[in-house]
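Comments concern the structure below.
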Amino acid sequence: MSLADKVVIVTGASSGIGAATAVEFAKVGAKVALVGRNEANLKATEVSCKAANNKAELLPIIADVTVDAERIIKTTVDKFGKLDVLVNNAGYAEAGNILDIDVDQFDRVMNTNLRSVFLLTKLAAPYLIKTQGSIVNVSSVGGIRAVPGVSSYCTAKAGLDQFTHCIALDLAPHKVRVNVVNPGTIVTNFQRRMGMTEEQYAQHLERSKETHALGRAGEAKEVADAILFLASDSASFITGASLPIDGGRHVMCPR
Ligand code: NDP
């Protein structure tokens, strides 16, 4: 896959999809900057990366993507001397009907899921041009299909999809590829952080058997594998693509 010695930033590496992605990159010999706010969880990902490859070169960066974009890029390039891959994975959702939510929720959700990606992309681009590297963004099936009660999040992810397509065109003349994955329900802490109780989460996973054509929710590694593919030379003629990793959920229609 020729990702060995590539320098990769994974945001949201302290949990779920980001942690699994960091482990897979470490496994194939990439040098990985692990970005997250929770120090203990970031440490746990570091341990998992080392378990996957005891020679892995890792750089944990405790940072908030909404305020630390400059430090994230600078620290990585200072340490490893270059940047080949940016994985914009950090994200979260807040729920609520438009009748109940306020604009502060909209601003918070946009800030984390979209504005931070703009900043990281802008700051990383000069380095990615030097290496003819690539960007993989982590959106959601909610970016391509509407979900009731999560308008701020779905709108942010739809924006992220279109941002990906536009930046793919901006950076194509520089041979930098930019793609996005759209996961369906993936077993991580995401829904619990959204406020679901254990009981509600169990029901959500049960319902995933019906809402996903393959009859189940996905695993973080299944998204990580797709991210590595898009970042690798195997995807050398793929840019501006949106890839659903959702067990067929996006093509389903209620009946
Ligand atoms: P988790 O809640 O398990 O992980 C989210 C990660 O994002 C954590 O590492 C968290 O870091 C990080 N993060 C959130 N906000 C910030 C911030 N401001 N600064 C730095 N890091 C931040 O969820 P997932 O792994 O499932 O989510 C990863 C991505 O996948 C998200 O973009 C999400 O929208 C998307 N997704 C997830 C789906 C699912 O069903 N799980 C479905 C569709 C899309 P920390 O805890 O250290 O703050």
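Quick note: the coordinates plus some simple rules give every number you see, no bench work behind them. Note that the structure is predicted; figures quoted are calculated from it, not measured. Quick reminder, even Gly has a Cβ in these numbers, built from the backbone with ideal geometry, and neighbours come from all protein chains shown.
Side notes on the structure shown:
- A cut-off of 5 Å between modelled amide H atoms, ignoring neighbours fewer than 5 places along the same chain, links residue 90 with 11, 12.
- Interchain or long-range residues, amide H under 5 Å from residue 59's placed H: 32, 33, 34
- The charge dipole of the chain, taken about its Cα centre with unit charges on the Cβ atoms of Lys, Arg (+1), Asp and Glu (-1) only, comes to about 580 debye.
- Taking other C-beta atoms within 10 Å as the exposure proxy, 154, 49, 253 rank 253, 154, 49 from fewest upward.
- Between residue 204 and residue 169, the distance separating the two model label sites (each 7 Å from Cα on the Cα→Cβ line) works out to 3.5 nm.
- Considering only 59, 215, 35, the residue lying farthest towards the positive end of the dipole of segment 7-251 is 59, judged by Cα position with unit charges set on Cβ.
- Cβ-placed point charges (K, R +1; D, E -1), dipole of segment 87-229 about Cα centre in debye, nearest 20: 600 debye
- Sequentially through segment 223-233, phi angles give Karplus couplings (6.51, -1.76, 1.60; θ = phi - 60°) of 6, 4, 4, 5, 5, 4, 4, 5, 7, 8, 5 Hz, Gly and Pro residues having no value and appearing as x.
- Ratio Rg/Rh, restricted to the chain and using Cα atoms, in which Rh is the Kirkwood radius: 0.95
- Ranked by how many other Cβ atoms sit within 10 Å of their own Cβ, fewest first, the residues 82, 122, 6 fall in the order 122, 82, 6.
- Residues with amide H under 5 Å from that of residue 7, placed H, sequence gap 5 or more: 31, 84, 85
- Among 175-184, 15-24, the order from most to least packed when residues are scored by Cβ within 10 Å on average: 15-24, 175-184
- Each residue of segment 23-29 was assigned a 3J(HN,Hα) from its phi angle through the Karplus expression (A = 6.51, B = -1.76, C = 1.60, θ = phi - 60°), giving 4, 5, 5, 4, 4, 8, x Hz with x at Gly and Pro.
- For segment 178-185, 3J(HN,Hα) computed residue by residue from phi via the Karplus equation (6.51, -1.76, 1.60; θ = phi - 60°) reads 9, 9, 9, 10, 10, x, x, 5 Hz, glycine and proline entered as x.
- Beta bridges assigned by DSSP with both partners in the chain are antiparallel in approximately 0 percent of cases.
- Full-stretch length increase - residue 107, residue 192 - with 0.36 nm per residue and alpha-carbon distance subtracted: 28.5 nm
- For segment 7-251, the relative contact order is 20 percent, taking Cα pairs closer than 8 Å that sit 6 or more residues apart in sequence and dividing their mean separation by the residue count.
- Point-to-point label distance, residue 67-residue 99, nm (Cα→Cβ direction, 7 Å offset): 3.6 nm
- Sites residue 147 and residue 221 - FRET efficiency at Förster radius 22 Å, r taken between beta-carbons, to 0.05: 0.35
- Burial ordering of 68, 246, 107, 78, fewest other beta-carbon atoms within 10 Å first: 78, 107, 68, 246
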